[in-house]
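Quick notes on the structure that follows.
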Amino acid sequence: MKTEAVAVTGLVKRYGKSVAVADLTLAIPDGAIWGLLGPNGAGKTTTFRCLLGLVQPNAGEITFWGRSYSYRIFTDVAYVPEQSTLYEWMRGREYLEFTRRAHPSYDSSLARTLLDRFDLDPNKRVRELSKGERTALMVVMAFARHPRLLILDEPTSGLDPIHQRHVLDLVVESAATGATVLFSSHQITHIERAADRVSILKNGRLLLNESVDSLKERQKVIEATFEREVPPLNGVARDPRIARVDRMGKVLRLHVHDRVHEIVHELERMSPTSITVIDCNLEDIFMDAIAVGAPHPSG
Amino acid sequence: MATIFTVDPRSGVPLYVQLRDQMKRAVALGVLSPGERLPTVKALALELTINPNTVARVYRELENEGVIETSPGRGSFVARGQGRQSAVEACGDVARAVIADAIRHVRALGLERALIREIVDDEIARWYAPALEKR
């Protein structure tokens, strides 16, 4: 079996009485691009901070490439935090110089290319940089090291659409050359594009943990129209594969999580005037998962 | 390198399905010729900004269906000989889904079986007229 770049087992982090991360278990294979989605306060940043050893979890185990946390592993991991942690008085080139000295794998020519690509002036002080430029500087510092694992917390925040795409290109390129990327984003399309797998978190709990393609294959909305009122559904509505039932007069809409064809078949027996199967994109699936909120067995 | 393929990540159709069906169609239509070299998995993933595993899965499936061939160290190519025929056959699933959808729709309108069949026959006659016949 392929080793996992990151394995998290039973992670718990509490702040006083509030639970930021509740019993989180994740196994991220080497070379994967893994997307983390969730509303604000879902526990994404806390999870990242636990992984990086920036906060001490209350329980749980974290391993990188099968080994527990160590300095050696830390050199292989690059982190882009959601909030800039850069000192206001330092210049971009000074940060890059620090990065170069701290990391033998630092690639100066790549750093120059990336500064260019993000239209960054390395002579500016951090205080002169916009929010997006600060994000971009941290992205350059992270990727120029050729790390084995990248943990990116909202790595496109404040960036314009072109620079956002550059970040995604870097993510794809790193994964194509064997690195593992774990990233969170409110831009669901970014996860849809680049991620192998997506984990959806809410209130520190994992609601869904599956490949984006298989989620789209499995989850559909079936819309049936009837001549008169929607007839009673009897057993169909209690089917555990149906997450939600909406009735609007003559129209019935079922949010189905699996075996769509079987349910279409059952509905056909009720002689509707039409049945349509509607595809769901990740945003639909995300909204659905957050609204229902019940933990889902991982796929 | 530019690519003729495009994907829509916002669609509810899985990315691998979008790309796989486009490649099949390109081979079936002769847009990609037998023996033509395909971009590497990495190059196509970068070109489309999608996950390399998605592209790898598409190549694997097309290889299993005989549409493309991969030789280690040389890359992937549109299959010679049966490649185009395999692609045409592989497009059969796409055709079935499209036609099933259309029939379900017109049935919902209350059309009789005989009338639907008549329309289908008319359309076949129109699009498969000798002047339009390509193969």
#### Entry: Residues listed by number, the stretch A:176-195, amide nitrogen under 11 Å from B:R10 label point at 7 Å toward C-beta
A:189
### Task
Please list B:99-107, A:70-78, A:23-31, A:205-213 highest first by mean number of surrounding beta-carbon atoms within 10 Å per residue.
A:205-213, A:23-31, A:70-78, B:99-107
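Indicate, rounded to the nearest 5 percent, the antiparallel portion of the DSSP beta bridges found entirely in chain A. Before the final figure, lay out each step's value.
Details: 40 of 57 bridges.
DSSP beta bridges in chain A are roughly 70 percent antiparallel.
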### Average partner coverage of B:6-12, which counts Cβ from other chains inside 10 Å
6
### Message
From the gyration tensor of the Cα coordinates in the stretch A:1-142, what semi-axes in whole Å does the equivalent ellipsoid have, largest first, with each one equal to sqrt(5λ)?
### Response
30, 19, 13
### Task
Could you give the DSSP H helices of chain A that reach 20 angstrom or more along their long axis (alpha carbon positions) and whose average Kyte-Doolittle hydropathy is no lower than 0.0?
A:161-176
#### Entry: Separation of alpha-carbon centers, the stretch A:232-293 and the stretch B:37-72, rounded to whole Å
34 Å
### Relative contact order (%) - chain B, alpha-carbon pairs under 8 angstrom, separation at least six
23 percent
### Message
Taking 2.2 N^0.38 Å as the expected size of a compact globular protein, what ratio does the Cα radius of gyration of the stretch A:202-299 give against it, to two decimals?
### Response
1.11
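Across peptide A:270-282, what mean number of C-beta atoms from other chains lies inside 10 Å of a residue's C-beta?
Whole-number average of other-chain Cβ neighbours for A:270-282 is 3.
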### Task
Quickly rank A:236-245, A:273-282 as a protection proxy: mean count of other C-beta atoms within 10 Å, highest first.
A:273-282, A:236-245
## Note on the structure
The Cα radius of gyration of chain B, divided by 2.2 N^0.38 Å with N its residue count, comes to 1.25
### Query
Label-point separation (nm) for B:Q22 and A:R72, each offset 7 Å from Cα along Cα-to-Cβ?
4.4 nm
### Task
Return a single number: how many Lys pairs in the protein assembly as shown, at a sequence separation of 8 or more or on separate chains, have alpha-carbon atoms below 26 angstrom apart.
18
### Local electrostatic count, A:L36, Cβ distance below 12 Å [Lys/Arg +1, Asp/Glu -1]
0
### Query
Residues of B:51-63, mean number of Cβ from any other protein chain within 10 Å of their own Cβ, rounded to a whole number?
4
#### Entry: Percent of C-alpha pairs per 10 Å bin, chain A, short to long
6, 25, 28, 21, 12, 6, 2, 0
## Note on the structure
Taking chain A and counting helices only, DSSP H stretches of n ≥ 4 at -39,500 (n - 2.57) each over all residues, the nearest-500 ellipticity at 222 nm comes to -9500 deg cm²/dmol
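Below 8 Å, C-alpha to C-alpha, sequence gap of six or more: please give me the relative contact order for chain A in percent.
Details: 574 pairs, mean separation 58.6, N = 299.
It rounds to 20 percent for chain A.
Using R₀ = 30 Å, calculate the FRET efficiency as 1/(1 + (r/R₀)^6) where r is the Cβ-Cβ separation of B:D93 and A:T177; round to 0.05.
Approximately 0.30, to the nearest 0.05.
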### Summary
Computed ³J(HN,Hα) along the stretch B:92-99: with the Karplus parameters 6.51/-1.76/1.60, θ = phi - 60°, integer Hz and x for glycine or proline, the list is x, 5, 4, 4, 4, 5, 5, 5
### Query
So how much slack lies between A:D160 and A:S108, counting 0.36 nm per residue of separation and subtracting their Cα-Cα distance, in nm?
16.2 nm
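Readers should treat all values here as calculations from the given coordinates under stated rules, not as data from a laboratory. Predicted model, so just to flag it, every value in this text is computed and none were measured. Cβ coordinates were reconstructed from backbone atoms using ideal geometry, including for glycine residues, and neighbour counts include every protein chain displayed.
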